[in-house]
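Worksheet: one structure, shown below.
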Amino acid sequence: MVIDLRTVEQLAADQASLKAAAGLAKPARWSGIGTSHDAALIWGECAGSGANPYRVMADLRDLASKCTCPSRKFPCKHALALFWLYAEALLAFPAAETPAWVTEWLGRRRSTAAPKPLMPVADKNLHAARIAEPEAVPDARTAARRAAAGARRAEETGRAIRDALDALEQWVGDQLRLGLAGFVDDVTVRCRRIGARLVDGKAAALAGHVDDLPARLLALPAGDRVRGAVVELARLVLLARAFRADPRDPELRRAVASAESRETLLADPAVLRVTAAWDVLAERVRTRRDGLISQATWLLNLTEGPRFAMLLDFFPASAGRRATVFTPGEQFVGELLFFPARVPLRAMLIQREAALVDGPPLDWPPADMPLQAALAAPLLAEPWAAERPILLPPGRIGYDRAGTSWWLPREGTARLPLAGGAEGLIAGTELTRSAALWSGSRLEMLAARTPWGRIGHG
């Protein structure tokens, strides 16, 4: 009976309902919140435009819901908001006696779903046969109908995504035809339009990538923005064509449509699980255009397994800044479950066993490949990704005459430009190890090790 925000997103009839629910997922709008003693039912009253609040109830066993509002959408925005409050623990749901209006709804559901009683039969064997026959046939028919409905929904979703990808590629062609200088000048408005089209086409994850494109592009120096636009548009086309080639690939579906739910991953025995010592590199919090806040926590593996992990969470901006469970620089032992991918990166925390507090902190591992190979590897594995973490060899931060900041290796002549520059201690000392995000053209420093300790970026 545990649900998360991804489950709420999958329940929504469309993006408009989800956005409306985000606006309603505010504790001040709710009263009479409660849950049954067996934690199967939740309910609450949501203030609306009328004098009386809407009564909202839900059954967590099958995620059914009911609301007294006149909306024809199912679930309505009020029910989605109730699920949201529960999933994100924005309000306490105290155990209480189930209100009569919830009990009545539950009774109607049970009476509707209850099978018709069987007529008694004198012959015992015939009686058993007749009991088995009516139960087996409806169950088989129901399962077949559900399977057929699921297949139809999957086909409709696939068709909608393919149409959205066609629209995206046509849009990219239009930007090239009209000129990239004009695209850079009007990038926010143009990306918002195609982003809305992608959301309507069930490509919500790809729409989020498009929504972030203007910020990435405008963060570049003015002289680099046209070249950056070429790279960004090429990534979109690469992802669209990769998805068409293998629409069932979980990594590609995650980048285009939506990520797997926590329950799906936990039930998959083939999913990679890693128990290791982890260093918390950095946390990045960004507000998205759809009203959600993304909170990414970057971890470095200090023992064995995938070198990096990224914990990604979303919550409504209306809920305010949430306290993080991690502190940059701390080290802990924990079990992570990785989303299926060619190069595992995104993960979820399953168990946090202990913090490493005894003795000095564990040292970071050295860079495991030459610099040029480390820069190329993420692009080859996932060319549509906006950024990937890498470990850098010993080096330092330097500046040119124009004031541009660069990462400079201790050995060799290669230098890499830094996104947003570098200030503070990280810009004035030798870096024996550095962890950064590489976009294919610029580095964003996460943290570094020096001869006298660890320092973060900024």
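Here the accessible area is traced with a 1.4 Å probe on the protein chains. For the chain, carbon and sulfur cover 55 percent of it. Here the simple spin-label model places points 7 Å from the Cα toward Cβ, and for residue 140 and residue 155 these points are separated by 2.3 nm.
Set against the labelled values [x] 1.22; [y] 0.97; [z] 1.04, Rg/Rh (Cα atoms, Kirkwood Rh) computed from this structure falls on [z]. Shape class of region 5-110 from the alpha-carbon gyration tensor: rounded, with the ratio a/c of largest to smallest axis under 1.5. Hydrodynamic analysis of region 147-257 uses the Kirkwood radius over alpha carbon pairs. Inserted into Stokes-Einstein at 20 °C and 1.002 mPa s, it gives a translational diffusion coefficient of 148 µm²/s. The HN-Hα couplings worked out from phi for region 394-401 by the Karplus form 6.51 cos²θ - 1.76 cosθ + 1.60 (θ = phi - 60°) are x, x, 7, 9, x, 10, 9, 5 Hz, whole numbers, x standing for Gly and Pro. Peptide packing for 16-22, 152-158 was compared via the average number of neighbouring C-beta atoms within 10 Å per residue; ordered from the highest value, the list is 16-22, 152-158. With a Förster radius of 35 Å applied to the C-beta separation of residue 227 and residue 189, the computed FRET efficiency comes to 0.95. A convex hull fitted around the alpha carbon atoms of region 197-272 yields 119 Å³ per residue. What dipole magnitude, in Debye to the nearest 20, does the chain give about its Cα centre under +1 on Lys/Arg Cβ and -1 on Asp/Glu Cβ? Charge dipole of the chain: 1200 debye, to the nearest 20. Pairs of Lys residues in the chain are counted when their Cα atoms are under 16 angstrom apart and they lie 8 or more places apart or on different chains; the count is 5. Taking the average, over residues, of other Cβ atoms within 10 Å as the packing measure, peptides 231-240, 434-443 rank 434-443, 231-240 from highest down. Assuming a ≥ b ≥ c are the square roots of the Cα gyration tensor eigenvalues, decide whether region 371-456 counts as rounded (a/c under 1.5), prolate (otherwise, with a/b larger than b/c) or oblate. Taking the square roots of the gyration eigenvalues as a ≥ b ≥ c, region 371-456 is prolate. Each peptide among 90-103, 249-262, 70-83 gets the average number of other Cβ atoms lying within 10 Å of its residues, and from highest to lowest they stand as 70-83, 249-262, 90-103.
Screening the chain for DSSP H helices whose Cα atoms reach 27 Å or more along their own axis and whose mean Kyte hydropathy is at least -0.5 gives 225-245.
The values are calculated or read from the model by the stated rules, or taken from the named source; none is laboratory data. Quick caveat: nothing in here was measured; it's all calculated off a predicted structure. Cβ atoms come from the backbone with ideal geometry, glycine included; neighbour counts cover every protein chain shown. Each accessible area value is taken on the protein alone, full model and side chains, heavy atoms only, with ligands, DNA and RNA left out. Shrake-Rupley method; radii C 1.70, N 1.55, O 1.52, S 1.80 Å.
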